[in-house]
1. So how do 15, 27, 1 line up by other beta-carbon neighbours within 10 Å, fewest first?
2. Working out 0.36 nm times the residue gap between residue 138 and residue 107, then minus their Cα-Cα distance, what length gain in nm do you get to one decimal?
3. Compute the Rg to Rh ratio over region 90-142 from the alpha carbon atoms, using the Kirkwood formula for Rh, and round to two decimal places.
4. Please report Rg (one decimal) and Dmax (integer) in Å for the Cα set of region 40-117.
5. Put one equal scatterer on each alpha carbon of region 1-96, apply the Debye formula with no solvent term, and list log10 I(q)/I(0) at q = 0.15, 0.17, 0.24 1/Å to two decimals.
6. Run the simple label-point estimate for residue 90 and residue 25 please: 7 Å along Cα→C-beta, distance reported in nm.
7. If you line up the long axis of helix 32-51 against the longest principal axis of the chain, both from Cα atoms, how many degrees apart are they, to the nearest 10?
8. Beta carbons within 10 angstrom, averaged per residue: use that to sort the peptides 38-48, 105-115, highest first.
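Values quoted throughout were computed directly from the atomic coordinates according to the rules given, and no laboratory measurement underlies them. The shown structure was predicted, so the numbers you read here are calculated from the model rather than taken from an experiment. Using ideal geometry, Cβ is built from the backbone for each residue, glycine included, and neighbour counts are taken over all protein chains shown.
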């Protein structure tokens, strides 16, 4: 089953990261689990950059929680190279929004190697419950 990224999405962050030799598996391509790690890296890079001006420098008390994730593997990434990752937001609700991702190689711009997404929920960690996301976050993702 392939999940389609919605057309109506907002670009909120982009970055590059190296493809490391250790990301490879025995088949000489980036291991499938690493694609989700790339998604995690860009999501956390974005979140901490966006949250820092609001006094949030670590995930404690309240913050984001991922409740599902998917990845469409389109082409095999291989070492050496760099990944150009883009992060989008969509489907903004009271306490949640979708984070969507695309991965390309920097030496092959415009060719998508993988795409995926997750549902991100603003959460009170101690209560283990969702709560309305703060206005600053809603402004970024809407």
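1. 1, 27, 15
2. Net length gain for the segment: 7.8 nm.
3. Here the Rg-to-Rh quotient is 1.15.
4. Calculated on Cα positions, Rg and Dmax stand at 14.5, 42 Å.
5. Taken in order of the listed q values, log10 I(q)/I(0) reads -0.74, -0.92, -1.42.
6. 2.6 nm
7. Relative to the chain, helix 32-51 is tipped by roughly 40 degrees.
8. 38-48, 105-115
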